[in-house]
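> Let me begin by handing over the structure; questions about it come next.
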């Protein structure tokens, strides 16, 4: 403020008294001192209030920072959990468990910061309960994943209330942030009021207020930058989570397709049916990749192509040896990951040496037996995802082929006589009943032959059981050549055979029987490079409906005609009387 001037007298003395000058100076000094002291006290109080206000602003910002950090930590923990479930990466699981203590640490800091605010203390208790429930749910999902795999984890995620809990945590955190914002607004208003008063009293107080405000603004801007960075981190995390979700969905679709492929292959009734379906299924499962399915032959010395799919870049040989494929040699997919270019498969040709990253051979092994190989190639390098899919598909195909071959073997063993290759008696009984019913419905004739090799016991005694087996085997082969494809030729038992002739009357059946008798006369049975002599056969013929209306009647009539042929001198065919 301006200095106080002492008015001069109208007739000033030539020299002012020293005591009056000193007294006035002291008075002015006292007033100035008092003013300065008042200003100093005001400034001191204002500075104190500014300091207090600044501390409260810092405190509020720290509270808000802890709240924001806790919510971000929860999202980061959930992201680590889901990333581990999707990728199976152990580092993401370590990050998940490392986030738990961090959340607890920030909760303790938050509780300490708001210890003087009962409302916020209650909110902290509620937030802590929600976080405990949320982290417990995430831990339970991991436990389900460890016990039951990816599907169990997905089921746990669908059944828990993580979405409701996340919304509750978000709502509570926003409410707490709003409380702190309100407190911050109140404290800012008080600070501005004190600043205005101080600015009117002294420029120093004003300058101090400006400095304090600038400091507060700097703190606010810094916190704002921190929040923007946090938001960018959250957006980046959301983008990564969306990408992970998309990848998990694609993986789920692939797993579902592989599961469906396995189910369809297990439902096939023949190898041809399975291979026909694989031509389309593999082209859909591995787009842009073509190849072939090769199976080892019965003698285990050659590998033959049975089916192709897609448009392969490298054409495999249709017939090659097992040693021409590295996958069959090693029992593992070839080339291995980042395989060397110096070890190509020979059956893919010379071009495979330079296209090592665009070719893949997957061995098909089931129950310790090498069944074949699935070779494939592409115009572009084969991705690791497609490689994994091909290996998984190869396992399904291997199991299916092994099962189909086993079923075919069991079916043959249950219906065929192993020595002659003809149907057995069980198949005859089922076929005779079925064909007789069909003949009745269509009013068509049907014939049954009973055949017996003449003097088989004497032949067996003369040449031994091996010679007898050779005769039965070669007679069975002859009988298969003489009957039609729709007829049923069976070994009835021992040296007796039965032939079921569809849509055949008595005259036609006798003609067929005469041809069989004549063919047997000329049959030269060879055993150990020696001829075993002439063989003859006796045949009894019965027809429907002349000689019976049931399978038992027809077999009985044909058997009686066979005995009649035996009594008449053998080597002939006799029609039932």
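> Among the residues of segment 529-577, write down those that are farther than 30 Å from residue 466 by Cα, assigned to a strand (DSSP E or B) and free of Cβ contacts under 8 Å to residues at least 40 places away in the same chain.
Correct list: 574 only.
> Tally the residues that are at pLDDT below 80 and surrounded by 16 or more Cβ atoms within 10 Å (Cβ to Cβ), restricting the search to segment 153-175.
Number of matching residues: 8.
> Consider residue 401 carefully, then state whether it is part of a loop (DSSP other than H, G, I, E, B), within 23 Å of the chain's Cα centre (by Cα) and under 22 Å from residue 329 (Cβ atoms).
No, not satisfied.
> Would it be correct to say that residue 103 is buried (at least 17 other Cβ atoms within 10 Å of the Cβ), within 23 Å of the chain's Cα centre (by Cα) and assigned by TED's automatic domain parsing to the domain that holds residue 172?
no
> Scan segment 440-483 for residues that are over 30 Å from residue 531 (Cβ atoms) and crowded, with 18+ Cβ neighbours inside 10 Å and jot them down.
Result: 445, 446, 447, 448.
> Please give the number of the condition residue 531 fails out of (1) closer than 13 Å to residue 575 by Cα; (2) more than 60 Å from the chain's Cα centre (by Cα).
Here residue 531 clears every test but (1).
> Working only within segment 365-383, note down all residues that are modelled with pLDDT of 85 or more and not in a strand (DSSP E or B).
Once the filter is applied, which keeps residues that are modelled with pLDDT of 85 or more and not in a strand (DSSP E or B), segment 365-383 yields 379, 380, 381, 382, 383.
> So, one more: Scan segment 349-364 for residues that are closer than 15 Å to residue 326 by Cα, within 25 Å of the chain's Cα centre (by Cα) and not in a strand (DSSP E or B) and jot them down.
Of everything in segment 349-364, just one residue is closer than 15 Å to residue 326 by Cα, within 25 Å of the chain's Cα centre (by Cα) and not in a strand (DSSP E or B), namely 357.
> Can you name every residue in segment 523-576 that is on the phi > 0 side of the Ramachandran plot and buried (at least 19 other Cβ atoms within 10 Å of the Cβ)?
The one that is on the phi > 0 side of the Ramachandran plot and buried (at least 19 other Cβ atoms within 10 Å of the Cβ): 548.
> Please enumerate the residues belonging to segment 118-132 that are surrounded by fewer than 16 Cβ atoms within 10 Å (Cβ to Cβ) and in contact with a helix residue (DSSP H, G or I) (Cβ under 8 Å, 6 or more places away or on another chain).
Once the filter is applied, which keeps residues that are surrounded by fewer than 16 Cβ atoms within 10 Å (Cβ to Cβ) and in contact with a helix residue (DSSP H, G or I) (Cβ under 8 Å, 6 or more places away or on another chain), segment 118-132 yields 119, 121, 126.
> Separate question: Out of segment 231-269, which residues are within 20 Å of residue 401 (Cα to Cα), more than 21 Å from the chain's Cα centre (by Cα) and surrounded by 12 or more Cβ atoms within 10 Å (Cβ to Cβ)?
268
> Check residue 252 against each of (1) touching a strand residue (DSSP E or B) at 6+ places or on another chain (Cβ under 8 Å); (2) assigned to a helix (DSSP H, G or I) and name the one condition it does not meet.
(1)
> To continue, here is another question. Provide a single number: the residues in segment 497-527 that are closer than 21 Å to residue 419 by Cα and touching a helix residue (DSSP H, G or I) at 6+ places or on another chain (Cβ under 8 Å).
11
The values are calculated or read from the model by the stated rules, or taken from the named source; none is laboratory data. Since this is a predicted model, take the numbers as computed values, not measurements. Glycine gets a Cβ as well: all are built from the backbone with ideal geometry, and neighbour counts include every protein chain shown.
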